[in-house]
Amino acid sequence: MDRLNIIGGAELNGRIPVSGAKNSALKLMVACLLTDEPITLTNMPSLADTRFLAQLLETLGVEVYWPKGESTCHLNAAELKSTIAPYEQVRKMRASFNVLGPLIARSGHATVSLPGGCAIGARPVDLHLQALEAMGADLKVEQGYVKAAAIQGLKGAHIVFSMPSVGATEHAMLTATLASGETILENAAREPEIEDLADCLNKMGAKITGAGTSTIRVQGVEKLHGTTHAVMPDRIEAGTYAMAAAAAGGDVTLDGCPVEALGAMIAKLREAGVTVDADEAAQTLRIRRNGTRLKAVNVSTQPHPGFPTDLQAQFMALMSVADGTSIIRETIFENRFMHAPELQRLGANILVRGQEAVVKGVPHLTGAPVMATDLRASVSLVIAGLAAEGETVVNRIYHLDRGFERLEAKLNACGANIKRLSGEDE
Ligand code: EPU
């Protein structure tokens, strides 16, 4: 297993290019199942998760051409050879579950493993299943698999989600493109990745309006066709590097940054005393902190446009060294504080009480060996390691490789001192 060795204390200065968004790319890749014509995705992030989904799509019969090191991925689902998504592939990554609706829409039936829970919470799929059933799919859960058929075809439905779910909104939207008649999704999630998916689907001939708002309308069409689409930039990656710069100090500009999608985070960084220059037209975000200590601020995670849960761990790392006490509330997932005990190993003072973490800022963190537990938790340890004095070793970084493209290279180009080591955990 690889690990990262970080020598902390260096300021970050320079520019960091933002990669394509993992959580958009995964759903855009799934969209290829809805047409027998080729789909080309550009600005694709080469990550463990996107490579892994490519393998699942190949199992289903999709021809994937995506050479290593390239950011353009060609997908062609001219003919599907299987409608079964096996446990081994779906359990590793929840986004794989979103193949269910598109497979039913395309082939009339599908068998897809339930994704199961994961480290950050139970993460059920009831809202996904309710939406597919409302569209006329006949679903049975047997031996851990959802067995689905829609003999009469799928039909439009009026679906009111009991809470906004990113995955369920995307799954219902993908599926509704080929259902007969109109589908209305209410209390839909409003994350920017949903708009990106709708843009691509509309280029493929779908008729979707309202994506990015809480009511989405999809007028079903008979057939979708091929297209080329650029994956939107990754707001979570961008937010992570913004916080790394704020934690380490210095002057970093993020290029190709989805500034408009980061409003809640930018407001919190400014409240904490970070100088942030946001240029929407140029898509740049400049982050500066020149030695003055950060102020503690409270944060509560919310669905978009609120403060994203995917930046909560990183913000906790930042607040660990702020002046004062910060209360961090996690409202989206029930178990997303696993980074807290690891941050404590670096000297952070954090008390977790249910959905809240009380972070009393300390003047300095000190390096230590720590363990990555999930994707965003692992990058919060990198941020803390950059701010800490001495050496931090982050073990189990396969979590990190699921969602951050060339992390060490991007940070080292700005003056960080991070090395990847292979072999046993420390
Ligand atoms: N939920 C249900 N039932 C469902 C679906 C969701 O109860 O059928 C609950 C979840 O358990 C959770 C809440 O609804 O408590 C929100 O979950 P949501 O469905 O919105 O999340 P998701 O689609 O599973 C995506 C991202 C996550 C990100 C969340 C929230 C992808 C592949 N994943 O997950 O990203 O945290 O939205 O913004 O898009 C990550 O990248 O590290 C990551 C975890």
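The values are calculated or read from the model by the stated rules, or taken from the named source; none is laboratory data. As the structure is a computational prediction, the values presented were derived from the model and not from experiment. Cβ atoms come from the backbone with ideal geometry, glycine included; neighbour counts cover every protein chain shown. Surface accessibility is based on the protein's heavy atoms, side chains included, excluding ligands, DNA and RNA. Shrake-Rupley method; radii C 1.70, N 1.55, O 1.52, S 1.80 Å.
Scanning the stretch 54-64 for residues that are touching a Leu at 6+ places or on another chain (Cβ under 9 Å) and either open to solvent by 10 Å² or more (accessible area, probe 1.4 Å) or within 15 Å of residue 39 (Cα to Cα) (or both) returns 54, 57, 61, 62, 63, 64.
Would you confirm whether or not the stretch 14-23 contains a residue that is more than 16 Å from the ligand (Cβ to nearest atom), assigned by the TED database to the domain that holds residue 409 and assigned to a loop (DSSP other than H, G, I, E, B)? Taking every residue of the stretch 14-23 in turn, none turns out to be more than 16 Å from the ligand (Cβ to nearest atom), assigned by the TED database to the domain that holds residue 409 and assigned to a loop (DSSP other than H, G, I, E, B).
Quick check, is residue 113 within 16 Å of the ligand (Cβ to nearest atom), over 26 Å from residue 43 (Cα atoms) and polar (S, T, N, Q)? In short, yes. All conditions but one from (1) touching a Cys at 6+ places or on another chain (Cβ under 9 Å); (2) surrounded by fewer than 18 Cβ atoms within 10 Å (Cβ to Cβ) apply to residue 233; the one that does not is (2). Yes or no: residue 320 more than 22 Å from the chain's Cα centre (by Cα) and either of a type in the set (S, T, N, Q) or modelled with pLDDT under 95 (or both)? For residue 320, the condition - more than 22 Å from the chain's Cα centre (by Cα) and either of a type in the set (S, T, N, Q) or modelled with pLDDT under 95 (or both) - is met. Listed by position, the strands (runs of 3 or more DSSP E) contained in the stretch 298-412 that have at least 3 residues being within 16 Å of the ligand (Cβ to nearest atom) and touching a helix residue (DSSP H, G or I) at 6+ places or on another chain (Cβ under 8 Å) form an empty set. Of the residues screened, residue 58 is not one that is touching a strand residue (DSSP E or B) at 6+ places or on another chain (Cβ under 8 Å) and outside the structural domain of residue 198 (by the TED database).
On inspection, residue 370 qualifies as within 25 Å of the chain's Cα centre (by Cα) and at pLDDT 95 or above.
When the stretch 192-208 is filtered for residues that are closer than 17 Å to residue 236 by Cα, open to solvent by less than 60 Å² (accessible area, probe 1.4 Å) and without any contact (Cβ under 8 Å) to a residue 40 or more places away in the chain, only 194 remains.
Taken over the stretch 114-147, the criterion of being modelled with pLDDT of 95 or more and either assigned to a loop (DSSP other than H, G, I, E, B) or open to solvent by less than 10 Å² (accessible area, probe 1.4 Å) (or both) is satisfied by 131, 132, 135, 136, 137, 146.
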